[in-house]
Amino acid sequence: MSEGGYMRLSIRCPHCLGKSAAEDHEELSRTVGEIAYRCRNYRCGHVFAARLEVVRTLEPSRTPSPLVALPVSAHVRRAPVQAALLASECDADDEADYLAELARPLADWPAAPSMGGALWGTAADAEADDAAERSRYRYITIRCPHCQAGAIAVASRELSRTLREVTYRCRNHRCRHAYVAQLEVVRTLSLSSLPCAEVVLPLSPHVRLGQLQALLQASAQAPPG
Ligand SMILES: [Zn+2]
Ligand SMILES: [Zn+2]
């Protein structure tokens, strides 16, 4: 689930629940990114786009950008936050301390004993992944919207087959922004061969639906073998 204390951002295919690998990543704004995932189950073959959007702040940035207005989580107690802000002038340069506790889980939902399941791979999965893929997992994150530094995922929960929430912490010790992003599967790029009836996603406009339907009809009539 974690590697060097850092979680890898992976996602399961909403149709077959198999592991998926990120193929592409695009930043749409300071708070929104889009990721293309490919299901690794070759019998399924689903390729889909997921939207990763910062939705609320857990710990305010100490270097806030005027370009970013995020709601603060209602579950976060204000007193510790204000105390931290007051203390910030004293420890703002204490980079080593901050980085040492960077991977500490932080979320505005109760800690679950099986954090992840559907979102995070197991230690065995991590060993199976090659180095290139690990670096890609790390790359696919959403940068801190305030200071634009890299961030690490420290907690997650699944809300449905197509929606997860992920907590990130900014790596920049001068900023220290902690925030929640929603990762939502938003459309299908290539159809699953093992579709789940509960999962209804819009099709990307590039899918040539008419030709697909003609092919499916012809395949159903052809003798197997
Ligand atoms: Zn799949
Ligand atoms: Zn930051």
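Observations
- For A155, the amide hydrogen comes within under 5 Å of the amide hydrogens of L106, T167, counting only partners 5 or more places away or on other chains and with H modelled in the peptide plane.
- Q213/A111 FRET efficiency (R0 35 Å; Cβ-Cβ; nearest 0.05): 0.15
- 14 Å reach of a label modelled at Q182, 7 Å along Cα-to-Cβ, counting backbone N of the range 9-38: 32-33
- Stretched out straight at 0.36 nm per residue, the stretch from L194 to R40 would grow longer than its current Cα-Cα span by 54.2 nm.
- Length gained when the stretch R174-E27 is fully extended (0.36 nm per residue, less Cα-Cα span): 50.6 nm
Every read-out reported here was derived from the displayed coordinates using simple, explicitly stated rules and does not represent laboratory data. Computed from a predicted model, the values in this text were never measured in an experiment. Cβ coordinates were reconstructed from backbone atoms using ideal geometry, including for glycine residues, and neighbour counts include every protein chain displayed.
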